[in-house]
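Following: one structure in structure tokens, then a few remarks.
The values are calculated or read from the model by the stated rules, or taken from the named source; none is laboratory data. From a predicted model like this one, the values you see are computed outputs, not experimental measurements. Note that each Cβ is placed from the backbone with ideal geometry, even for glycine, and that neighbours are counted across all protein chains shown.
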Amino acid sequence: MTDIATSPATSPLVEGRTGQWEVVIGLEVHAQVSSQAKLFSGSSATFGAGPNEHVSLVDAAMPGMLPVINRFCVEQAVKTGLGLNAEINLFSVFDRKNYFYADLPQGYQISQFKQPIVGEGSITITLADGTTRDIGIERLHLEQDAGKSMHDQHPTKSYIDLNRSGVALMEIVSRPDMHSAEEAAAYVTKLRSILRFLGTCDGNMEQGSMRADCNVSVRRPGAELGTRTETKNLNSIRFIAQAINSEVARQIEVIEDGGTIHQETRLFDTSTGQTRPMRSKEDAHDYRYFPDPDLLPLELDAAWVEHLRQNLPELPDALRQRLMDQFGLSAYDAVLISEDRQTAAWYEAAAAGRDAKLVANWLAVELFGALNRMGLDLANSPVTPDQLGQLVDRISDGTISGRIAKDVFAIMLESGDDPDQVIEAKGFKQVSDTGAIEAMIDTVMAENTDKVDEYRGGKDKLFGFFVGQIMKASKGQANPGVVNDLLRQKLDG
Amino acid sequence: MSDILSMTAVAARQALDNKTISAVELTEAYIKAADDTADNNAYVLRTSDKAMEMAKASDKRLAKGEAGLLEGIPIGIKDMFCTQGVETTASSAILKGFVPPYESTVTENLWQDGAVMLGKINCDEFAMGSANETSAFGAVTNPWIASEGPLQGKALTPGGSSGGSAAAMAARSTLLAPGTDTGGSIRQPAAFCGLVGMKPTYGRCSRRGIVAFASSLDQAGPITRDVADCALMMTSMASYDSGDSTSIDAPLPDLMDAFATAKNAGIKGMRIGIPDEYTVDGMPDQIASLWETGRKWLEDAGAVCVPVSLPHTQYALPAYYIIAPAEASSNLARYDGVRYGQRVDGASLDDMYAKTRGAGFGDEVKRRILIGTYVLSAGYYDAYYIKAQKVRRLIQNDFTNVFADVDALLTPSTPSAAFALGDESKDPLSMFLNDVFTVPANLAGIPAISVPAGLSSDGLPLGLQLIAPSLREDTLIKGAAILESAAGFDHVASGAAS
């Protein structure tokens, strides 16, 4: 195995046995359009039904049944194109991609080949060291998904489930602008975040809503592009990174051993973390693309596209900037909170009219930490935004100290109670009443006259001892600021 | 009984309204006619019980004064139309046993208007053919026979692909017949059988539920005994259908009104183009002279006939025989034995495909799938498919140019009268030539009609074709009404039921 050691240069290089290599990566991401119905039929496109429960006559390719475009899916594709800063093609064409397979009822997939609905665009990715890079988008096109073949249900037969047959997908093709697994992972993360903000794809990779095909090649720095391989159907960001790293290592090893890379399609084996050949270029299908005569070309109204552009929701980059400007968050907190819209909305609800930075700290450190431990996500957090906000308010207004707040928070997580209820019930309220605190100070000083003398004799460090004793006497509820002020007056006075 | 069978659909509708006959009587007469003429092999499936039920329901609606446009009219359906609960095979072995759980939009329109279903009618397999000889159910015989000449005594083809429909019409075993026309499949059999056949504007009739041959060319239309019936049936068949993306959302002109206007007032001032390029080598003199006679008939009714040029006509047939097979090769991919129809088991999925399709498709269908697959292949696509699409555009432009000056075109419907069964299937290329006058209208998506205009010296029907701009079926009906009255074609096939 070749060690993968990325250098911090703009285009990170990989050290092989015989010198340095540059990695070139392009991704084709298939994103399922968020839509109630399929691309060309009225049947449900939702996940989780029993086999063949969501199949119309069109999806099963019954004789004489015709596709009719789902206008909402077109709108979703256009919104996605706008979110990727891409050119929207007002004229696009659906083509048939012809091949035989048992889970492809029509014997062709309706896709867009020469004239896709969305042209060139770009997205900005942020790497772990905080640097940003623009990754080019080559195109986005709409197409139908195929059904599912199950080969493990019967000793001699395969079973076919057509629920996915006809579900709308967006294929989003990047430029070969990425040079490491980290960049590819950042690209998919950012793309997923944009799709989720737009509401055009739920981005749930484990359910198959987003899958990636990775095109990978290696070359000597500055040399001509090397031969690429395509690793298909990766359904998690971790697998994408693993597949790229393993494929880069394999390609370098092959070339350094004097071999050549063959253009081929490969599969990623999740159990070994390696890729293996699926089919070579020689076995590649001739898809016989031609315009689908059952469908008219898709012609979009420029004013309608403009209307969609004007009404796009706020996207991750804009949100991150606004969180920094409006709430004074650090870049780190802003990236964390802007990764998905639910987190951002949660945060904004909690932070409104409060110490926004303190809310961000509590969200990022205490709540995320707790949710992680509990195996929950924000959507089913036992603490509501308002409750976290109230807790921060009680710290800000001196009702409780930051340390007590953690105890209150722990109880809130268990019980779901409001912070005020917890503070009241548990008697956590901070004592700021100067009379009560003065009485405690007098008692402590009376019980420790020797220490008082030592302090007054110049042993300043004993001040901490007195604070500790008073806090102990107050069971931690005395306001530390008030204690400090009064104690100093009495000891020094 | 013969009085009933000799009525046109318009006349029968009137008789039903006047209660001089009942829908049950009319249907019984046609069921018997179909029994009597069964030898011509026009029907592949009879639904007589269903027909009687529908006729009884029609009589009830007639009694209540709720009769529809085609109330009580018995109709045999070309097997390309999917009919709910009734086996539909496109005359192919691969769809044997397929019973659609849905109804095509066109036949649904007929039933909504009160028509009565007699059964399913033979056609070329997947409508691929011009002689109705490629059917898995065997050939259909034309009820017309040659009274003299070399064809005398021979069984003739009714044409194709709607050969069964035209034969049933000529044999009077159905009163109306919906056909489908991809390159002439309504007009050529209508011409061979002494009938009126119209291919309307592409998109006028929904393709939903019609087994697809070549999607950009396929269009349903009526085959009828006369022009008035054609106007009536077209009115019922046409509709905008949101279930067909290529359906046209434009109102159909009032065709019955167009027919009456032409009959009463003629066609004064209508400009008719006579395309130079439709004079083809080897066309029989009697067809050329019938064409000339047709021109005079139109002029006598007030039309102005002028020569026009459609310079790309000669490329229409080659373009058609690239585009139609290309689309067919893809449209027929769904017949794979996985979900419906016939399956022949194999050792692997690919083996099952090969065996199923090898056994299920006939030679002509296989030939066209091979041609279509070839012209779409990498390396050949630009030279064939793209070039054919460019030619198609040039042909469309030809029509657009001439229709700036004329209202319609007059041409022969076919380069010959009906030929003997078995003659042309030996040579696929000459069979393709049957479509030479009809194919351009399909490529351009414009409406055309064939009207019976006379008999050949052998005593066989010959037709004249009118072609009009998009959406102008009314112009066709007007011109056809004039040709029909002038021709006075009242011959009946010797094989007709009586």
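Data for the structure
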{"item": "Meets criteria (over 30 Å from B:SER135 (Cβ atoms), surrounded by 15 or more Cβ atoms within 10 Å (Cβ to Cβ) and touching a residue at least 24 places away in the same chain (Cβ under 8 Å)) for B:ALA23", "result": "yes"}
{"item": "Number of positions in the range B:446-486 that are in contact with a Gly (Cβ under 7 Å, 6 or more places away or on another chain), in a loop (DSSP other than H, G, I, E, B) and under 26 Å from B:PRO143 (Cα atoms)", "result": "2"}
{"item": "Those residues of the range B:209-239 which are more than 9 Å from chain A (Cβ to nearest Cβ) and among the aliphatic types (A, V, I, L, M), in sequence order", "result": "B:ALA220, B:ILE223, B:VAL227, B:ALA228, B:ALA231, B:LEU232, B:MET233, B:MET234, B:MET237, B:ALA238"}
{"item": "Lone unmet requirement of (1) under 18 Å from A:VAL359 (Cα atoms); (2) in contact (Cβ under 8 Å) with a residue 24 or more places away in the chain for A:ALA478", "result": "(1)"}
{"item": "Qualifying residue in the range A:149-168 (condition: in the same structural domain as A:ASN98 (by TED's automatic domain parsing), surrounded by fewer than 18 Cβ atoms within 10 Å (Cβ to Cβ), in contact (Cβ under 8 Å) with a residue 24 or more places away in the chain and not polar (S, T, N, Q))", "result": "yes"}
{"item": "Checking A:SER158 against (1) within 14 Å of another protein chain (Cβ to nearest Cβ); (2) among the polar types (S, T, N, Q); (3) under 17 Å from A:GLY83 (Cβ atoms), the condition it does not meet", "result": "(3)"}
{"item": "Residue list for the range A:176-233, filter: of a type in the set (Lys, Arg) and in a strand (DSSP E or B)", "result": "A:ARG211, A:ARG219, A:LYS232"}
{"item": "Selected residue (only one of B:SER242, B:SER206 is within 14 Å of another protein chain (Cβ to nearest Cβ), surrounded by fewer than 24 Cβ atoms within 10 Å (Cβ to Cβ), farther than 19 Å from B:SER450 by Cβ and small (Gly, Ala, Ser))", "result": "B:SER242"}
{"item": "Inter-residue pairs, beta-carbon under 9 Å, first closer than 23 Å to A:ILE400 by Cβ and in the range A:432-460, second assigned to a loop (DSSP other than H, G, I, E, B) and modelled with pLDDT of 90 or more, 6+ apart", "result": "none"}
{"item": "Residue count for the range B:351-387, restricted to those that are buried (at least 18 other Cβ atoms within 10 Å of the Cβ), within 11 Å of chain A (Cβ to nearest Cβ) and of a type in the set (Gly, Ala, Ser)", "result": "1"}
{"item": "Residue match in the range B:470-491 (condition: within 24 Å of B:MET128 (Cα to Cα) and either touching a residue at least 60 places away in the same chain (Cβ under 8 Å) or buried (at least 18 other Cβ atoms within 10 Å of the Cβ) (or both))", "result": "no"}
{"item": "Exclusive hit being surrounded by 24 or more Cβ atoms within 10 Å (Cβ to Cβ) and at pLDDT 95 or above, set B:GLY72, B:GLY68, B:GLY85", "result": "B:GLY72"}
{"item": "Residue in the range A:77-87 that is of a type in the set (Lys, Arg) and within 11 Å of another protein chain (Cβ to nearest Cβ) present", "result": "no"}
{"item": "Residue that is nearest to the other protein chains (Cβ to nearest Cβ) [pool: residues in the range A:88-126 that are without any contact (Cβ under 8 Å) to a residue 40 or more places away in the chain, assigned to a loop (DSSP other than H, G, I, E, B) and within 30 Å of B:LEU349 (Cβ to Cβ)]", "result": "A:PHE100"}
{"item": "Answer from A:VAL58, A:VAL74, A:VAL68 - the residue that is surrounded by fewer than 21 Cβ atoms within 10 Å (Cβ to Cβ), touching a residue at least 12 places away in the same chain (Cβ under 8 Å), β-branched (Val, Ile, Thr) and in a loop (DSSP other than H, G, I, E, B)", "result": "A:VAL68"}
{"item": "Given (1) charged (D, E, K, R); (2) at pLDDT below 95; (3) crowded, with 24+ Cβ neighbours inside 10 Å; (4) out of contact with any Leu (no Cβ under 8 Å at 6 or more places or on another chain), number of the condition B:ASP427 does not satisfy", "result": "(3)"}
{"item": "Counted residues, the range A:26-49 - those being without any contact (Cβ under 8 Å) to a residue 60 or more places away in the chain and surrounded by 17 or more Cβ atoms within 10 Å (Cβ to Cβ)", "result": "2"}
{"item": "Number of the condition not met by B:VAL99 [criteria: (1) modelled with pLDDT of 95 or more; (2) crowded, with 24+ Cβ neighbours inside 10 Å; (3) out of contact with any Ser or Thr (no Cβ under 6 Å at 6 or more places or on another chain)]", "result": "(2)"}
{"item": "Among (1) more than 12 Å from every other protein chain (Cβ to nearest Cβ); (2) in contact with a strand residue (DSSP E or B) (Cβ under 7 Å, 6 or more places away or on another chain), the one test that B:PRO100 misses", "result": "(1)"}
{"item": "Strands (runs of 3 or more DSSP E) completely within the range B:171-228 that count 1 or more residues being free of Cβ contacts under 8 Å to residues at least 60 places away in the same chain and under 12 Å from the mean Cα position of the chain (by Cα)", "result": "B:219-224"}
{"item": "Residue satisfying condition, being in the same structural domain as A:GLY369 (by TED's automatic domain parsing), of a type in the set (A, V, I, L, M) and either modelled with pLDDT under 85 or not in a helix (DSSP H, G or I) (or both), within set A:ILE395, A:ILE411, A:ILE400", "result": "A:ILE400"}
{"item": "Those residues of the range B:2-42 which are more than 16 Å from B:VAL492 (Cα to Cα) and assigned to a loop (DSSP other than H, G, I, E, B), in sequence order", "result": "B:ASN18, B:LYS19, B:THR20, B:ILE21, B:SER22, B:ASN41, B:ALA42"}
{"item": "Any hit, the range B:458-481, residues being touching a strand residue (DSSP E or B) at 6+ places or on another chain (Cβ under 7 Å), of a type in the set (S, T, N, Q) and more than 24 Å from B:PRO284 (Cα to Cα)", "result": "yes"}
{"item": "Members of the range B:302-340 found to be part of a loop (DSSP other than H, G, I, E, B) and either buried (at least 20 other Cβ atoms within 10 Å of the Cβ) or within 14 Å of chain A (Cβ to nearest Cβ) (or both), listed by number", "result": "B:ALA303, B:LEU310, B:HIS312, B:TYR335, B:ASP336, B:GLY337, B:VAL338, B:ARG339, B:TYR340"}
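Residue-by-condition table, conditions (1) farther than 21 Å from A:SER44 by Cα; (2) in contact with a helix residue (DSSP H, G or I) (Cβ under 9 Å, 6 or more places away or on another chain); (3) not assigned by TED's automatic domain parsing to the domain that holds A:SER338:
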| site | (1), (2), (3) |
| --- | --- |
| A:ASP95 | yes, no, yes |
| A:GLN112 | yes, no, yes |
| A:LEU142 | no, yes, yes |
| A:ALA146 | no, no, yes |
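A quick yes/no check of all residues on (1) out of contact with any Lys or Arg (no Cβ under 7 Å at 6 or more places or on another chain); (2) modelled with pLDDT of 95 or more:
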residue	(1), (2)
A:VAL29	yes, yes
A:ALA45	no, no
A:GLY50	yes, no
A:LEU57	yes, yes
A:MET62	yes, yes
A:PHE72	yes, yes
A:ILE88	yes, yes
